[in-house]
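Notes for the one structure printed next.
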Amino acid sequence: MRRSACPVSPSLVLWLMAALWLSSAGAHGEANADLRGVTLCVDEQAVQVELEDLPASRAASARAQLVASLGQRLTTALEQDRVRYQRRPSCAGQVGQTQVQASVRYLDPRSYIGYGQQTYSYTVSLKVNGAAATSTDQKRGFSSGWSELYSETGTRRPFEAVVTEWGEEQARDLTAVWRRDNPTLIQHLILPGLLRSLLLATAFAVILSSSGVLIVLSRRTRFKSAV
């Protein structure tokens, strides 16, 4: 018996086309996401901005704005999510050194045919220098990045705002990973694992011991009352 072909939903085709377009429009990833016991370190060089082929006036204002906004979004995320970090004059070579890097290039339509006016390529990355793990040969740390083409034509939004938003997005990813790898005592109690089992066993033993003491005291009280 010959089976009939299963019809493909038009909405599924559109969804797949959108997913393929998004995957080709930008790329991002996260690697070395292990921050157990790492205290982040932030210094004056925590934000690095590289601009290429921009007019001098736009480059000067964009650099100042990106350095300020990316640095502010990073520290705000760390403080709001209660991530353990320290400010130092220099974090170079330190475990936990945290750096945001943004690179923007103007695609001159005279050289980049078909991209139109006010089109830029940009990359935003966030990295944390980690400590060597004791149980494996891998290093602890954090690394993420995002890159895409962006046109200010039509959107009416400057690339500075878009780059800043992706910097904040990655800062939130960083804080989520740090909190995952450095849970509080209450979170340890909630999460399954050896520590949870030990704490529950200890608590159970304390309850049993307390119950035994109360029973003995209660019997003694009844005995004295009877006498």
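No value in this document is a laboratory result; all are computed from the given coordinates. Values in this document were obtained by computation on a predicted structure and should not be read as measured data. Glycine gets a Cβ as well: all are built from the backbone with ideal geometry, and neighbour counts include every protein chain shown.
Its Cα centre serving as origin, the range 72-126 has a Cβ charge dipole (Lys and Arg +1, Asp and Glu -1) of approximately 160 debye. Near Arg140, the amide H atoms lying under 5 Å from its own belong to Ala131, Ala132, Ala133; only residues 5 or more places off or on other chains count, and H is placed 1.01 Å from N.
Scanning residues 5 or more positions from Gln97 or on other chains, those with amide H under 5 Å from its amide H are Cys41, Asn129, with H placed 1.01 Å from N in the peptide plane.
Taken one residue at a time, the phi angles of the range 161-172 give Karplus couplings (6.51, -1.76, 1.60, θ = phi - 60°) of 5, 5, 4, 4, 4, 6, x, 5, 4, 6, 5, 5 Hz. Gly and Pro are set to x.
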